[in-house]
1. Only one of Asp192, Asp131, Asp216, Asp206 is in contact with a strand residue (DSSP E or B) (Cβ under 6 Å, 6 or more places away or on another chain) and acidic (Asp, Glu); which?
2. Of the residues that sit in the stretch 173-203 and are of a type in the set (D, E, K, R) and open to solvent by less than 20 Å² (accessible area, probe 1.4 Å), which one is farthest from the ligand (Cβ to nearest atom)?
3. Just for the stretch 132-151: of the residues that are away from the ligand (no atom under 16 Å from the Cβ) and open to solvent by 30 Å² or more (accessible area, probe 1.4 Å), which one is nearest to the chain's Cα centre (by Cα)?
4. Name every residue in the stretch 194-243 that is in a strand (DSSP E or B), more than 18 Å from the chain's Cα centre (by Cα) and among the aliphatic types (A, V, I, L, M), in order of residue number.
5. Taking the condition of being under 19 Å from Phe185 (Cβ atoms), out of contact with any helix residue (DSSP H, G or I) (no Cβ under 8 Å at 6 or more places or on another chain) and open to solvent by 30 Å² or more (accessible area, probe 1.4 Å), how many residues in the stretch 76-122 meet it?
6. Output yes when any residue across the stretch 178-192 is without any contact (Cβ under 8 Å) to a residue 24 or more places away in the chain and either basic (Lys, Arg) or out of contact with any Asp or Glu (no Cβ under 6 Å at 6 or more places or on another chain) (or both), and no when none is.
7. Pick from the stretch 57-75 the residues that are of a type in the set (Gly, Ala, Ser) and in contact (Cβ under 8 Å) with a residue 40 or more places away in the chain: which of them is farthest from Leu182 (Cα to Cα)?
8. Against the conditions (1) away from the ligand (no atom under 11 Å from the Cβ); (2) over 12 Å from the mean Cα position of the chain (by Cα); (3) open to solvent by 10 Å² or more (accessible area, probe 1.4 Å), where does Glu154 fall short? Just the number, please.
Amino acid sequence: MFKAIRILILLVILATVAGTALYNRWQSQSWHRTQVVMLYPINAAGDGATEDYLQRLDAKAFADLEPYFRQQAARYHLGLDQPIRVVLGGRVQATPPAVPRDRGVASAIFWSLRMRWWAWRQTPPSSPIPDVKLFLMYHPPNYSGPLPHSIGLEKGRLGLVHLFASKAQQGPNQVVIAHETLHTFGASDKYDPYTLQPIAPDGYADPYQSPLLPQDRAELMAGRVPTKPAASRIPNGMKETVIGSMTASEIGWSKSR
Ligand SMILES: [Zn+2]
């Protein structure tokens, strides 16, 4: 009798988990209403220059994002005028769990669970209720070396985004935010993880232009503008990026998959 009850409880838990996962996927790709992406700034190292920047940070620093998603969605005839609303939320003082250095699957899953738990505890209350939560880790403008790798998770619908606390970097910062946002809707990377070079054709904004190189724009999920064989540059802002057809299909904007 007890065994039967135990099995029944386990089955209910499994069905709930599977149901929640299916519901989340439907919610993130059905585009039946505008999705709210809430941004939570964090001073990554706690330095004064970043603090000054964050004190003055307002919605203008993210103003290119909503029109961009609106315009790109129209290209795919989405039928929803405003697919994404970007809202600047409250500051978060705690720092998120460190990303594991190794690329193992087990440590990635463990980190993702810790990150979801951390986000659930640290997210400040806000209105509207967010569909996607992005934690923006700001680093000082004179940060040496490349920034840590940003991450967007479809499961949990959250992201950890590393940015420069600099007005001059607001263009490239928005590209990183848009890229991680689309990961939370199920888009995959379209660059080689070892060389960071965009992979043709899906990682190219204009995969059928001739000659193929140099390109003028980046495919958003490739993140870079291919200029020469094995060379590319960071786009200056949203105007230099485009959402390619494979990415549009992955996030449910087109039915070509
Ligand atoms: Zn990515």
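1. None of the others qualify; the one that does is Asp131.
2. Our first condition is that a residue be of a type in the set (D, E, K, R); within the stretch 173-203, this holds for 180, 189-190, 192, 202.
Filter once more, so that each one left must be open to solvent by less than 20 Å² (accessible area, probe 1.4 Å): 180, 190.
Values: Glu180: 7, Lys190: 9 Å.
Among those residues, the one meeting the criterion is Lys190.
3. Residues of the stretch 132-151 that are away from the ligand (no atom under 16 Å from the Cβ), as a first pass: 133, 138-145.
With the extra rule that they be open to solvent by 30 Å² or more (accessible area, probe 1.4 Å), the set shrinks to 133, 141-145.
Working: Lys133: 9, Pro141: 22, Asn142: 24, Tyr143: 22, Ser144: 23, Gly145: 22 Å.
Per the criteria, the residue is Lys133.
4. Here is the first cut: in the stretch 194-243, the residues in a strand (DSSP E or B) are 198, 204, 218-219, 225-228, 231-233, 241-242.
Retained after the next criterion (residues that are more than 18 Å from the chain's Cα centre (by Cα)): 204, 225-228, 231-233.
Within the stretch 194-243, Val225, Ala231 meet the criteria.
5. Residues flagged as under 19 Å from Phe185 (Cβ atoms), out of contact with any helix residue (DSSP H, G or I) (no Cβ under 8 Å at 6 or more places or on another chain) and open to solvent by 30 Å² or more (accessible area, probe 1.4 Å) within the stretch 76-122 amount to 4.
6. In the first step, residues of the stretch 178-192 are kept if they are without any contact (Cβ under 8 Å) to a residue 24 or more places away in the chain; the result is 192.
Those left that are additionally either basic (Lys, Arg) or out of contact with any Asp or Glu (no Cβ under 6 Å at 6 or more places or on another chain) (or both): 192.
Yes, some residue in the stretch 178-192 is without any contact (Cβ under 8 Å) to a residue 24 or more places away in the chain and either basic (Lys, Arg) or out of contact with any Asp or Glu (no Cβ under 6 Å at 6 or more places or on another chain) (or both).
7. Filtering the stretch 57-75 down to residues of a type in the set (Gly, Ala, Ser) leaves 59, 61, 63, 73-74.
After this cut, where a residue has to be in contact (Cβ under 8 Å) with a residue 40 or more places away in the chain as well, the list is 61, 73.
Working: Ala61: 19, Ala73: 12 Å.
Result: Ala61.
8. (2)
The values are calculated or read from the model by the stated rules, or taken from the named source; none is laboratory data. The shown structure was predicted, so the numbers you read here are calculated from the model rather than taken from an experiment. Glycine also receives a Cβ, built like all others from the backbone with ideal geometry; neighbour counts cover every protein chain displayed. Surface accessibility is based on the protein's heavy atoms, side chains included, excluding ligands, DNA and RNA. Shrake-Rupley method; radii C 1.70, N 1.55, O 1.52, S 1.80 Å.
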